[in-house]
Amino acid sequence: MKKLAVLGCTGSIGSQTLDIVRANPDKYKVVALSCGSDARRLGELAREFDCGLLGIADESKLNELHSYVPRAEIYCGDSALSVLAGGDADTVVVAVVGMVGLRAVMSALEKKKTVALANKESLVAGGALVKAALKKGGALCPVDSEHSAVWQCLRGERDFRRIILTASGGPFFFSDCELKNVTVEQAVSHPNWKMGRKISVDSATMMNKGLEIIEARWLFDTENIDYVIHPESIVHSMVEFADGSVKAQAGAADMRLPIQYALTYPEHMPRDFTPLALPVGLRFLPPDEVRFPAPKLAKDAIKAGGDAAVILNAANEAAVRLFLERKIAFTDIIKTVSDVMNAESVRSVSDVDEVFAVHKRVYDKIYLEV
């Protein structure tokens, strides 16, 4: 029986991970759970899965959580993730949002565990550090549907020419609306996927695809990464090989599929599903990097190296928060990121503390000055 730590258990990915556990109680045992602030829900899940090791980011919720699970071992704050990741689990599902995921990933890899990764920031900001840690042991299994698709396409292969990610286009690619007038409610309404607010905004600006390009660079050791707009979200990514052939992975827009594959790799374990009915018309369209320049900024960060991706990620996190708080316009998000990248000098980073220091400096400069 595989022992799991599910970090971010009340979010979309964490909740769907627990659905998989419920469907396979003979295969998985949840030994650690964490969330941001929903103490009541965390307590319910701890009782359901008989889990006694818990983490909650919001320290003010400690007493409340204790009231629900008085015998549990509970850790608070950002450091809780590292404690849980380094605990008794065989596989650590890192489904938290934000930079806090990086320390959890590093903690798990230091103990040579398998990380099922659904936290973009870990590779975007700390890709080189994560890759260095992997050389000493542990394993990294991508959970994002796009990266899982590439991972599956490359299984048993060696010589590939480039990766082609697919992007739905979000809510605005096919709209002629004035992007500067986009509301928070419009930006968080994704047409195909049910996701959290931050990642939904990233999808709307197409920064999400930019972050995925940076992730793919580290996951698959290549900078030959392109993307196409595929609004049906049936083909999740493709790989082009040296002989010109292209392999694609297709499936329903259901995150439980890549989550389960990350947990069961290299097996495709059976599960209940509705057979995929391929529509007659699958569209693959070129990007529009005039209206949506975020992926180009991500490619620029890859070329710049050093802490450029840390700067990009921190600026985007701060700008998205300001937008969600209705303090800046939708179009100001990417403008802010671009302005900061042009203004900052790129420097090398040698450890996790330096990554966090750069992130905090850039984030605070944007968020606190508005």
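The values are calculated or read from the model by the stated rules, or taken from the named source; none is laboratory data. Worth saying up front: this structure is predicted, and the values here are computed from it rather than measured. Cβ: placed from backbone, ideal geometry, glycine included. Neighbour counts: every protein chain shown. When the accessible area is computed, the model is the full protein with side chains, heavy atoms only, and any ligands, DNA or RNA have been set aside. Shrake-Rupley method; radii C 1.70, N 1.55, O 1.52, S 1.80 Å.
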The stretch 209-247, residues that are surrounded by fewer than 16 Cβ atoms within 10 Å (Cβ to Cβ) and either of a type in the set (S, T, N, Q) or not in a loop (DSSP other than H, G, I, E, B) (or both): THR222, ASN224, ASP226, SER245, VAL246
Number of positions in the stretch 1-42 that are farther than 16 Å from CYS76 by Cβ, touching a Cys at 6+ places or on another chain (Cβ under 9 Å) and in a loop (DSSP other than H, G, I, E, B): 1
Just give me the residues in the stretch 128-172 being hydrophobic (A, V, I, L, M, F, W, C), part of a loop (DSSP other than H, G, I, E, B) and either at pLDDT 95 or above or open to solvent by 30 Å² or more (accessible area, probe 1.4 Å) (or both), in sequence order. VAL143, LEU154
Going by what's in this entry, would LEU33 be described as in contact with an Asp or Glu (Cβ under 6 Å, 6 or more places away or on another chain) and within 14 Å of ALA85 (Cα to Cα)? no
Please go through the stretch 53-79 and give me each residue that is open to solvent by less than 70 Å² (accessible area, probe 1.4 Å) and at pLDDT below 95, ordered by number. GLY77
Restricting the search to the stretch 187-208, which residues are surrounded by fewer than 16 Cβ atoms within 10 Å (Cβ to Cβ) and part of a helix (DSSP H, G or I)? ARG197
In the stretch 358-370, anything open to solvent by 60 Å² or more (accessible area, probe 1.4 Å) and over 27 Å from VAL182 (Cα atoms) is listed as LYS360, ARG361
Only residues that are under 20 Å from LEU140 (Cα atoms) and of a type in the set (A, V, I, L, M): list them for the stretch 208-237, please. LEU211, ILE213, ILE214, ALA216, LEU219, ILE225
Assess whether LYS113 counts as being under 30 Å from ALA216 (Cβ atoms), open to solvent by 10 Å² or more (accessible area, probe 1.4 Å), touching a strand residue (DSSP E or B) at 6+ places or on another chain (Cβ under 8 Å) and among the charged types (D, E, K, R). yes
Which residue is surrounded by the fewest Cβ atoms within 10 Å (Cβ to Cβ), if the candidates are limited to the stretch 315-356 and must be more than 21 Å from the chain's Cα centre (by Cα), of a type in the set (Gly, Ala, Ser) and assigned to a helix (DSSP H, G or I)? ALA343
Can you report the number of residues in the stretch 3-23 which are open to solvent by less than 30 Å² (accessible area, probe 1.4 Å) and free of Cβ contacts under 8 Å to residues at least 12 places away in the same chain? 0
